[in-house]
Amino acid sequence: MVKLKQDENIILAPVPQEELLQIKEEIQEAFMKGLQENSKEADNLTKPIPSEADFEHSLYSKSAVTRQFLLNGERIGGVVLQIDGDTHRIEVDFLYTLASTHGKGLGTKAWKAVEAAFPETKV
């Protein structure tokens with residue numbers, strides 16, 4: 001069980017290319033858990049969410065930046081951003097924490113790690 005101590009910080013780190021498939025699977029698991037907890041329609045889904053097309057579009061675009069959230073050297077989630085260096089605008093395509101870490105206060109700390117990593121962001 002992952003537990004965040006008051007003085008611990010989440011580190012934002014690059015994702016090795018060979019781990020992108022694992023990131024995709026983690027995102028799908030986290031999104032499905034959230035949907036199942038909040039909607040009865042999740043039982044009717046036959047395909048994973050987000051879709052393969054959504055991943056292809058996000059992960060492999062020229063402006064994509066994919067990072068993992070590390071706590072004590074262990075991945076607890078990640079984020080896929082689209083960064084426009086000219087306008088300093090960043091779009092968040094996917095942000096997740098592992099399904100096993102939901103409800104432990106990690107999401108806020110993860111978001112703060114994103115903000116600290118990209119201080120030049122205007123929008």
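The strands (runs of 3 or more DSSP E) found entirely in segment 40-123 that carry 2 or more residues being more than 17 Å from residue 22 (Cβ to Cβ), of a type in the set (A, V, I, L, M) and open to solvent by 30 Å² or more (accessible area, probe 1.4 Å) are 89-97.
Being over 22 Å from residue 32 (Cβ atoms) and in contact (Cβ under 8 Å) with a residue 24 or more places away in the chain is the filter here; which residues of segment 82-104 pass it?
Our first condition is that a residue be over 22 Å from residue 32 (Cβ atoms); within segment 82-104, this holds for 82-91.
Within segment 82-104, 82, 83, 87, 88, 89, 90 qualify.
Looking only at segment 65-101, residues that are under 16 Å from residue 10 (Cβ atoms), more than 9 Å from the chain's Cα centre (by Cα) and among the polar types (S, T, N, Q) come to 3 in all.
The values are calculated or read from the model by the stated rules, or taken from the named source; none is laboratory data. Note that the structure is predicted; figures quoted are calculated from it, not measured. No Cβ is skipped: glycine too gets one built from the backbone with ideal geometry, and neighbour counts run over all protein chains shown. All accessible areas refer to the heavy atoms of the entire protein, side chains included, with ligands and DNA or RNA removed. Shrake-Rupley method; radii C 1.70, N 1.55, O 1.52, S 1.80 Å.
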